[in-house]
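Written out below as structure tokens is the structure these notes cover.
The values are calculated or read from the model by the stated rules, or taken from the named source; none is laboratory data. Note that the structure is predicted; figures quoted are calculated from it, not measured. As a convention, Cβ positions derive from the backbone with ideal geometry for all residues, glycine included, and neighbour counts pool all protein chains shown. Please note that ligands, DNA and RNA were not included when accessible areas were found on the heavy atoms of the full protein model with its side chains. Shrake-Rupley method; radii C 1.70, N 1.55, O 1.52, S 1.80 Å.
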Amino acid sequence: MQKLVELLRILRPAERRRFWLILAGITLVALGDVAGVASVIPFLGIVVNPASASKFWGVTELRTMTGIVDDRSFIIFVGIASMLIITTSNLLNAWVTAAQIRLANAIGVSLGRRLLSAYATQDQVTLLGRNSSELGKNILSEVDRTIVGVLVPAMTVISRAVAAGGIILFLVLIDPVIALSLAAIFGGIYIAVYFIAQRWLANIGMSAIDANKERFRIVNETFGALRELRLYGRVDAFVSRFDEPARVYSETTATSLIVGQIPRFVLEPLAFASIVFLVVHSIMTGGNPASVIPMAGMFAFAGYRLLPSLQHVFSGFASVRFYAPALATILQTLRSEKAVPAERASVAPAAPRFSRKLEFKKVGFSYPERPNVLVDINLSIAAETTVGLIGRTGSGKTTLISLLLGLLHPASGTILVDGVPLTGERLIAWQRKLGYVPQDVFLIDGSIAANIALGLFDDEINLAAVEKAARLANVHDFIANLPAGYKTVVGERGARLSGGQRQRIGIARALYHDPEVIVLDEATSGLDSETEQTFLQAIDQLAGQRTLIVVAHRPTTLRRADVVHMIDGGRIVASGSLEAVMPSIDSDRRLPLGSAAV
Ligand code: ATP
Ligand code: MG
């Protein structure tokens, strides 16, 4: 209940307004339903005995008002009127039901979109700790489960509860004793079953969400590791891991549906038996069958409407209980959703050129559960110079780069650009000056042009800039020789390209928006020395106007650097020219000794 209220609270105002409107519609329809049931009763009554009209509220008045004298005509009139009420109420019902389904699914679209954007703008630290297939699952699967399992049933519960209440009230007006005892028996059975089942439903709901997570993870990992799995003949073994979570997921879902449906099959015969009992009892005690029939018919018809309503309320509650963990997952993220994520494009590009220096002052950084990855980093990078970072694997180079890019934030110390701390607007302005080639370039399954101008719509791509960047990255000739040129689609993660081609497209991507500062994290490691040198030469032509920060394992890559910093164990252990830093590299067995002579 609490979670449902919270769900309502996080909806967009327009959605919430529509929700209340539809809820009002649902209630109206439920009352119309009751009116439909109510109108059949006097009809049955006067069919059996026209004189009994006075027993029913409003019927005598209706007769005087219409001025119909003939009994037959009046019966026909009441019959048609009752039919009209039922038809209208059902048509209205159809319309409101459609609106309700539409709204629920529209809310699904917006929740999914909001989750995606919340995850994507989360601090990198938190994101890195979580499995991306789990986030994907939340966006794609848990949102759907929430809509189908929580939102729609909750709305149904409300409408059906109103209808059931109305019908019970109406029956009470006719015969309080019978009506209340029937309501108590049927309602009581549902309530009892619900209280017995609810804990269990909540538990299997938790198992279902865990199993769902596993399913998504295994699917993702199977495709991610496909080459190795096939090579080692372990596809079958790996795929069989899917069985258990998939079984748990389907069985828990099936169980929740069964629990929601079963009481119906017990209660329907019971209801029928009650009516038979009512008729038999009244005849045995000397009642006139003719007078019992309308009453029995009334209860039969009312029950025919009442029982499904109670059933819907029950199965709705059961469903909400089972799917509540899915809703909880969504709420957990959207509860702390930032107002509107700062949109890069909307920030004024008027930031001054990076002209003096980038400074790290006593910067320290820790990952969750991995303290002191960087300790006391003091670093000064002058604008328009080329700076190398070298150090053994795991020493903290990529982490330092991430801080410099503003993707991670220092735990202690400050980073200054031209004397101004890197925070807020300033950080965003700084990031717009950067071109970055990560250690492993991620290509999207789109055209080469779309990969170089990543994130832009086709009509926004500046093809001249794409080609210029590709030339600098030394990949233009390769692309120009492809049958579809820049329109060639590269496949998932660039599967149709070689490692070096992927890397060069990554480089072109970093150069596309003509950055002032270019950051290369092992960006040329996948290229042969010759290609690497051609590329570095091309970048050199830009040097003097650009600041270049290069992370490398190979000293040859850093041949052109003005300054080289050597990182070890999260600290800067040496700085200076490549030759000055080299001796300390000689003892590092990971770096080929031969290359140190360069
Ligand atoms: P390489 O040359 O292999 O790329 P690197 O110098 O770039 O290494 P980093 O990626 O900066 O090294 O990692 C520094 C240390 O921080 C490593 O010990 C690594 O295990 C750890 N580390 C990196 N990323 C995370 C993370 N998201 N969570 C926890 N620890 C991390
Ligand atoms: Mg690295």
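Quick rundown of the values:
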{"item": "The one condition in (1) over 18 Å from ILE567 (Cβ atoms); (2) near ligand 1 (Cβ under 10 Å from one of its atoms); (3) in contact with a helix residue (DSSP H, G or I) (Cβ under 6 Å, 6 or more places away or on another chain) that GLU369 fails to fulfil", "result": "(3)"}
{"item": "Residue within segment 117-127 that is under 30 Å from ALA14 (Cα atoms), over 30 Å from the mean Cα position of the chain (by Cα) and more than 16 Å from ligand 2 (Cβ to nearest atom) present", "result": "no"}
{"item": "Check on LEU44, over 30 Å from ARG321 (Cα atoms), surrounded by 16 or more Cβ atoms within 10 Å (Cβ to Cβ) and in the same structural domain as LEU91 (by TED's automatic domain parsing)", "result": "yes"}
{"item": "Given (1) away from ligand 2 (no atom under 16 Å from the Cβ); (2) open to solvent by 30 Å² or more (accessible area, probe 1.4 Å); (3) under 19 Å from GLY499 (Cβ atoms), number of the condition ARG559 does not satisfy", "result": "(3)"}
{"item": "Hits in segment 47-60 (condition: loosely packed, with under 15 Cβ neighbours inside 10 Å and modelled with pLDDT of 80 or more)", "result": "none"}
{"item": "Inter-residue pairs, beta-carbon under 7 Å, first assigned to a helix (DSSP H, G or I) and in segment 74-92, second open to solvent by 70 Å² or more (accessible area, probe 1.4 Å), 6+ apart", "result": "ILE75/VAL47"}
{"item": "Residue check, GLU522 modelled with pLDDT under 80 and under 42 Å from the mean Cα position of the chain (by Cα)", "result": "no"}
{"item": "Unique residue being within 26 Å of VAL417 (Cβ to Cβ), in the same structural domain as TYR486 (by TED's automatic domain parsing), touching a Ser or Thr at 6+ places or on another chain (Cβ under 9 Å) and more than 16 Å from ligand 2 (Cβ to nearest atom) when the list is ILE507, ILE539", "result": "ILE507"}
{"item": "Residue within segment 389-411 that is buried (at least 21 other Cβ atoms within 10 Å of the Cβ), away from ligand 2 (no atom under 16 Å from the Cβ) and modelled with pLDDT of 90 or more present", "result": "no"}
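Quick grid of which residues meet (1) surrounded by 16 or more Cβ atoms within 10 Å (Cβ to Cβ); (2) touching a helix residue (DSSP H, G or I) at 6+ places or on another chain (Cβ under 6 Å):
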position: ILE218; (1), (2): yes, yes
position: ALA225; (1), (2): no, no
position: GLY233; (1), (2): no, no
position: ALA237; (1), (2): no, no
position: ARG241; (1), (2): no, yes
position: ARG247; (1), (2): no, no
position: GLU251; (1), (2): no, no
position: VAL259; (1), (2): yes, yes
position: PRO263; (1), (2): yes, yes
